[in-house]
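Worksheet: one structure, shown below.
The values are calculated or read from the model by the stated rules, or taken from the named source; none is laboratory data. Predicted model only: the values in this text are computed from it and were never measured. Reconstructed Cβ throughout: ideal geometry from the backbone, glycine too, with neighbour counts over all protein chains shown. The area values use the complete protein model at the heavy-atom level, side chains included, leaving out ligands, DNA and RNA. Shrake-Rupley method; radii C 1.70, N 1.55, O 1.52, S 1.80 Å.
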Amino acid sequence: MPYPNPPYLPLDYPNVPYPSKVVIKNIGKIVTGDINNPIAKGDTVYIENGKIAKVGWESEVDLREAELVIDANGMTVIPGLIEPHCHVAPPDYSPITKTVDFLEGLLYAGITTVVSEGAHGPGYPKYYDDPVGSKAEAIFFAMLSKYIRPGGAQKFEAGAVVLVHGLKEEDFKEMAEAGVKYIAEIGGGGIWKAEEVNPMLGWAKKYGMIISVHTGPPSIPVSAHVAAENILNMNPKPDKLAHFNGGSTPLPWKELERLLNELPKDVKIEIIYHGNLRIAKKTFEVLKERKELNRVVLGTDQAIGLAMSWGSLWALMSWIPHANDIPPETVVAMATGNTADLFGFNRGKIEVGREADIVITDKPPASEAEDFLDALAKGDICAPAMVMVDGKIVSIKGRDYQPTERSVLINGIPAEVFDINDYLFGIPYARFNPIYLAYFNPTYLKKRFNEHFKKYFGESL
Ligand SMILES: [Zn+2]
Ligand SMILES: [Zn+2]
């Protein structure tokens, strides 16, 4: 699907098409995000019409066909990170913390998909037993998320319904038809007792929704203490146990052990950075021993006050390998492919046919590590050197984010950030991609501009 017009631009602004054939070559390592096959052989990813068309060696690709060639300069390619736990009201606002544009900041930091766990804000129906309000909110946000791309590119999965008394089966049908796909973490607000929510969970499943549950004691004054017994009594079972290691305080370990032992193996376990890291460590020990690390998804629970940081997912990724003796490529899968599996996204893995949401990353400057994976293993917090969504370059620098040791070359031209304004705000801003292309590839852009100019004004430039 083509992008809707980027936000904040006049609607008649020509939507200049992006090159449909894009090559990323000279890749040091391809980390796939697939926990069962975490590293792919090759040095090249070929992208056609926004999807990954080939993963392999440069010799297997005809570079002359490519309209845009990105030289990864020996760095590492990983899938765009997927954030499974954000509380946000469109377009890019968290009313409870009065945080604006944080999704855009996450995009620059390589988080190319964000999934809502329900919106927080004063007067929101989640704080009142208001079925009409709850349904309306979920539908409204689902509708908006069809058209809004924070930062002009990020995939924003909103429309998570908060369960309250009085929601009926026809409400779930109506919500599903309007694009509501998620049950906001049960207990984060609204009703939460198994006997009360079970009929609704049955309807949610019937209409294809994904169920999350707030695991543990209250995190904010209106949230509930959701104990293991209550979760085990849920039927159907939730798909994800949100902030398993506490949001921010966890359940007692005995209860968490019950959840690990008694729930089906396809229930995903969310570990968040701003939870209890001692409990995270115990959880990793158990799941590693049982070879169930495919169940782990990494999240942040932004933008509540405790969790607000664009770098949280990267920081969590660099804590796990050394503290839990888990290979860094497995950890990348926990922030990408595992999460894509949970939500059924056709992204989150470097694999033919998937949406080309890709991050090029590297060790930080002067790190004693050899490359990105080694840096993660040694506990360095890493950063993107390029963020791509659907085969389009979004940024080569996170906003106010640390640099990488190397930088990409675009059509042979080094794309380094020297200017403080670029450093602060990231280039190229997705909506300025045409300008960016003009800088890097004037011939191509002139050709495409001419096509558009003709289309809009009936004559050539
Ligand atoms: Zn919660
Ligand atoms: Zn939450």
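Relative contact order, percent, of the chain when contacts are C-alpha pairs under 8 Å separated by at least 6 residues?
It rounds to 18 percent for the chain.
First obtain the Kirkwood hydrodynamic radius of the stretch 81-310 from its Cα pairs, then insert it into the Stokes-Einstein equation at 20 °C and 1.002 mPa s, and state the resulting D in µm² per second as a whole number.
For the chosen part, D equals 123 µm²/s.
Out of residues 5 or more away from G216 or on other chains, whose amide H comes under 5 Å of its own, with H placed 1.01 Å from N in the peptide plane?
Distant-sequence amide H within range of G216: V226.
Provide the packing ranking of 371-384, 73-86, i.e. peptides ordered by the mean count of other C-beta atoms within 10 Å per residue, highest first.
Packing order, densest peptide first, comes out as 73-86, 371-384.
Across the stretch 85-92, in residue order, what do the Karplus-derived ³J(HN,Hα) couplings come to in whole Hz, using 6.51 cos²θ - 1.76 cosθ + 1.60 with θ = phi - 60° and x for Gly and Pro?
In residue order, the calculated couplings are 8, 10, 10, 8, 10, x, x, 6 Hz.
Write out the trypsin sites (Lys or Arg not before Pro) in the stretch 319-365 meeting two conditions: DSSP loop, and at most 15 other Cβ atoms within 10 Å of their Cβ.
Loop-located and lightly packed - none at all.
Could the peptides 29-39, 300-310, 105-115, 333-343 be put in order, highest first, of the mean number of other beta-carbon atoms found within 10 Å of their residues?
105-115, 333-343, 300-310, 29-39
Can you list the residues, at least 5 places off or on another chain, whose amide H is less than 5 Å from the amide H of Y273, using H built in the peptide plane?
HN-HN under 5 Å from Y273: G299.
For the chain, what does the helix formula give at 222 nm: sum of -39500 (n - 2.57) over DSSP H segments with n ≥ 4, over the residue count, nearest 500 deg cm²/dmol?
Helix-only estimate at 222 nm: -8500 deg cm²/dmol.
Counting only residues 5 or more places away or on other chains, whose amide H sits under 5 Å from the amide H of I39 once H atoms are built in the peptide plane?
Residues meeting the amide H criterion: T32.
Hey, how many Å between the Cα centroid of the stretch 236-259 and the Cα centroid of the stretch 178-212?
17
On the first, second and third principal axes, largest extent first, how far apart are the outermost C-alpha atoms of the stretch 289-371 in Å?
Per principal axis, max minus min of the Cα coordinates gives 36, 34, 31 Å.
Percent of accessible area on the chain owned by carbon and sulfur, 1.4 Å probe?
Heavy-atom surface of the chain belonging to carbon and sulfur, 1.4 Å probe: 54 percent.
Checking the table K54/K378; K126/K240; K173/K392; K205/K265 against a 25 Å threshold on Cα-Cα, which pairs fail?
K54/K378; K173/K392
In Å², and per residue, what accessible area does the stretch 328-390 have when probed at 1.4 Å with the other protein chains present?
With the other protein chains kept in place, the stretch 328-390 gives 26 Å² per residue.
So what are the chain's ellipsoid semi-axes, whole angstrom, largest first, if each one is the square root of 5 times an eigenvalue of the alpha-carbon gyration tensor?
Sorted largest first and rounded, they come to 37, 27, 18 Å.
Calculate, for the stretch 81-310, the solvent-accessible area per residue in square angstrom, rolling a 1.4 angstrom probe over the heavy atoms of the protein chains.
Value for the stretch 81-310: 35 Å² per residue.
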